[in-house]
Amino acid sequence: MALKDKTISGLLWSVSGTGVSQLLTVALTFYLARLLGPEVFGTFAVITLVARYANRAIDAGLGIAIIQRKDLDDGLISSIFWLNTAMAFCLAVLVFFTADAIAGFMEIPASARLLRWLPLILLVNGITITQRALLRRRMDFRTTGIAEVSAVVLGGIVAIVAALHFEDERALFARLLVATSVMSMIYWVSTRWRPNFQFKTAGLKETLAFSLPFLGERTLVYWAIRLDRILIAKRLDENALGLFDTGFKQISMPLDLIHYQLSQVMFAAFSSIQEETARIEAMYSKVLSAATLFGIPVMVLITLGAPELVRWLLGPEWEGMIIILQGLALAFVLDFGVYVAPVLLSRGKSKLQLKVKIYALSFRVLAIIGGLYLGGINGLLIGLILASGIRYLIYANFVAWELEVAFWKHFRLMLPALLINALALGGAVGATILFASSWPHFATLIFKGLVFAGIYLLLMISLRPRGWMVGRQLAVEYHYKLGPLGPLVKRWLG
């Protein structure tokens, strides 16, 4: 299969699988939120904070190294597997014996009992990293998509039963444990690769030279992004942490669906042509122009509909999450306009990636500390919005330099999306004030969405920006991959 066909196929499976799992996750999260309340979600935020970093440390960037390396043999893969397993065991022991200290530092003592059970999840993840990387190396995003959806469904069923029985954070932990185990089983069955007892130190040293800077970059990114939750827990309380962490996770979903999934597919595709700068730049430009047109509207819709969505689905105890959703949506808008990781990592420049992240994250850390201590949650949100603008400028400049093009070329690719979204947002707000200001929450939410979507589609069809034309061409060319919708898409767009 040609690279373009593999990339498009991988992207469709990746986005569709993640999209379905995220829709199910949102519905499940909202239902559990009504049952359990912000304080329970705040307590569980400590568990996820530790678990997600521990899983990144277990990986140590070796999963990315498996995807990026051109030459890969069974001995090296087995060496990576055993190293991941050993790191998982060590971190599991460390978390178990430091559970009380972590809970005390976060000033949320109730989190200690579940931290002692967290090693189970870390061990399962440790023996799964290699299998997941092998699937992504061969761009088998169909399997990863099926695994995600299966994990969400089964984990959700267990969580609902546990929530009705326990009514505390144990329901959320059960959901995480079941989801991790389900994905692990599917990955093991699908790859059919099994480790042997080889341990190739020579090949592993070369791999670690690439992966360790990547681990350093991921460590900095992780704690810089989550510094806000640590400070909220210490300065405020579980309720505030639950509101912020839950809002952050909901905002992260569209970013994961579009930005992260595109990054994964782009990284795999760029790695196969890593020496061909002009070809990478051409693919990057097409992806960027389309991603901004189809990604930014999601954040704008969240900003537009957050008041009605929260009041209708969650109730008054979650009302503080409205401003959090709106502020974070604005802070993440520019992330759809730049993809620095797939460009640098596909060319083996993990050390440069680390330097770029340090430059950008230093501003984020200052914004979090200054904003939270000067203005509370509202100040934190303003700081994050300002830091996102600086981050975009830094990332875009490094990408332009790596691809040997002018910075303004890539900014112009994003500009049509910003203008079209601004016009559609203004039209929807104006129409709501004139016609729907006193309607019920659900009716107002639907009205806002329809007006925004109508104006947005009208502007795209009329102005025909590059991203729209790229998306249209790909939809017509690959309509047969869309199942029953394929003939309708071809007839409408062709």
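Say R0 is 30 Å: what FRET efficiency, to the nearest 0.05, do VAL93 and LYS249 get from their beta-carbon distance?
After rounding, the FRET efficiency stands at 0.60.
Using all Cα-Cα distances in region 25-89, what percent lands in each 10 angstrom bin from 0 up to the longest?
Calculated P(r), rounded to whole percents: 18, 31, 21, 21, 10, 0.
With just the Cα atoms of region 99-227, tell me how far they stretch along each of the three principal axes, in Å, largest first.
Result, largest extent first: 49, 34, 29 Å.
Any idea how far apart TYR373 and TRP439 come out in nm if each label point goes 7 Å out from Cα toward Cβ?
Spacing of the two 7 Å Cα→Cβ label points: 4.6 nm.
Looking at the square roots a ≥ b ≥ c of the eigenvalues of the Cα gyration tensor of region 257-328, which shape do they give, rounded for a/c under 1.5, prolate if a/b is larger than b/c, or oblate?
In terms of gyration-tensor shape, prolate.
Once you put a point 7 Å from the Cα of ASN239 and another 7 Å from the Cα of GLU317, both along the Cβ direction, what distance in nm separates them?
Rounded to a tenth, the inter-label distance reads 1.0 nm.
Around SER190, under 11 Å between beta carbons, what's the net of Lys plus Arg minus Asp minus Glu among the other residues?
Local net charge: +3.
Identify all aspartates and glutamates with a Cα-Cα distance to LYS349 below 20 Å; exclude those on the same chain that are fewer than 8 residues away in sequence.
ASP59, ASP71, GLU206, GLU217, GLU275, GLU276, GLU281, GLU402, GLU404
With the alpha-carbon atoms as the only input, what is the per residue convex hull volume for the chain in Å³?
148
Per DSSP helix of 4 or more residues, -39500 (n - 2.57); summed, then divided by the residues of the chain. What does that give at 222 nm, rounded to the nearest 500?
-28000 deg cm²/dmol
Could you work out the longest stretch of the chain that avoids the GluC sites (Glu not before Pro) located in DSSP loops with at most 16 other Cβ atoms within 10 Å?
With GluC sites (Glu not before Pro) excluded where exposed in loops, the chain gives 168-274 as its longest stretch.
On full extension of the chain, what length is gained from MET469 through LYS205, given 0.36 nm per residue of separation minus the C-alpha to C-alpha distance?
Length gained, MET469 through LYS205: 90.5 nm.
Coordinate-derived values only; no laboratory data. The model shown is predicted, which means the values in this text are computed figures rather than measured ones. Here the Cβ is made from the backbone with ideal geometry for all residues, glycine too, and neighbour counts use every protein chain on show.
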